[in-house]
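Visitor: Here it is: the structure, laid out below.
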Amino acid sequence: MNREIIATGRTVDEALDKAYEQLGVSRDEAQFEILDLPKKGFLGLGSSPAKVRVFIEFSKAQCAVDYLQSIFDQMGLDHVQIDVTEMENCANITLSGEGLGVLIGRRGETLDALQYLAGLVANRLEGDYYRIVVDSGNYREKREKTLENLAKKLSSQVIRTGRSVTLEPMNPYERRVIHATIQGIDGVTSSSVGEEPSRRVVISSTNPSKKSYNRNRAAESGDRSRDRGSRVGRGGRSGRGGYEKRPPREKYVPQDVTPNRTKVEVEDDDKPLYSKIEID
């Protein structure tokens, strides 16, 4: 975005002075372009004045700084020092001063928001995408070290167990740090899942045989447990010092051992019980 003034004068210097005055800047703060040189006509006829264009070219980094400064003024932070380091298509804006914890926020959330908004303002200007990085109190470097250590620790866990690990939601900058660290570790890979702002990094093993090995070990362990159970059942002794409960015996059903009896039919109930016994 540029601010410019086109002015004329009898001479180039006179036209430039008019343009600088209208812009409210000094000669060192603006650039100029001579559009027409003055011409003198014959006997004062056909003459034309000098014509110049004076303009101020705003860089995207400066727009971001001005935006941040306006926010700090509204927050009552009058002693924030802003330093800018410009590179190709990128500007690092470093904040310093006292009481800047409020600009960092929980896990850098406030700082990330300021960076995002400053980037939007800067890229409203014409041209290629321009990256804005806002840091305060060297927070970015400290956070980056923390994320790198976290990625290494979780990678060791994934390699050991063969099971994937899903991290907590992170912003794009933090996810890039995790992915960059994982790329340098053999045996693991990383990917992102979910939608913003709940997008997460998943660290997975690149060695599928590790998972099969774990499953085989679990199966073998189960087989050994079953074998021990079979041996315990045969020996009657349990592994806990007691006795294995044996299957109940079949219920004893007594057989009918009553001898067959001959049924005596009584034809006449009036007959005596005993007959006469004769003795020779």
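Visitor: For the range 108-186, report the accessible area per residue in Å² (1.4 Å probe, heavy atoms, rounded to an integer). Don't jump to the answer; show the numbers that get you there.
Guide: Details: 4540 Å² over 79 residues.
Ligands and nucleic acids excluded, the figure is 58 Å² per residue.
Visitor: Could you tell me which of Gly137, Ala91, Leu154 has its Cα farthest along the dipole of the range 75-167 towards the positive end, charges placed at Cβ (Lys, Arg +1; Asp, Glu -1), taken about the Cα centre?
Guide: Sorting the options by dipole projection puts first Leu154.
Visitor: From the gyration tensor of the Cα coordinates in the range 128-176, what semi-axes in whole Å does the equivalent ellipsoid have, largest first, with each one equal to sqrt(5λ)?
Guide: Working: eigenvalues 152, 38, 13 Å².
Semi-axes (√(5λ), whole Å): 28, 14, 8.
Visitor: Let me know the volume per residue of the alpha-carbon convex hull for the range 1-121, in Å³.
Guide: On the way: hull volume 15.2 nm³, N = 121.
It is 126 Å³ per residue.
Visitor: Take the solvent-accessible surface of the protein heavy atoms, probe 1.4 Å, and return the percent of it on the range 72-171 that carbon and sulfur atoms account for.
Guide: On the way: 2920 of 6180 Å².
Whole-percent figure for carbon plus sulfur exposure: 47.
Visitor: Return, for the Cα atoms of the range 139-203, the radius of gyration and Dmax in Å, separated by a comma.
Guide: Here Rg and the maximum Cα pair distance are 11.2, 34 Å.
Visitor: Which whole-number value in Å² is the accessible area per residue of the range 1-78, probe 1.4 Å? Don't skip to the end; give the middle numbers.
Guide: On the way: 5180 Å² over 78 residues.
Heavy-atom accessible area per residue stands at 66 Å².
The values are calculated or read from the model by the stated rules, or taken from the named source; none is laboratory data. Everything numeric here is computed off the predicted structure, so don't read it as measured data. With ideal geometry, Cβ positions are generated from the backbone for all residues, glycine too; neighbour counts draw on all protein chains shown. We work out accessible area using only protein heavy atoms, side chains counted, and drop any ligands, DNA or RNA first. Shrake-Rupley method; radii C 1.70, N 1.55, O 1.52, S 1.80 Å.
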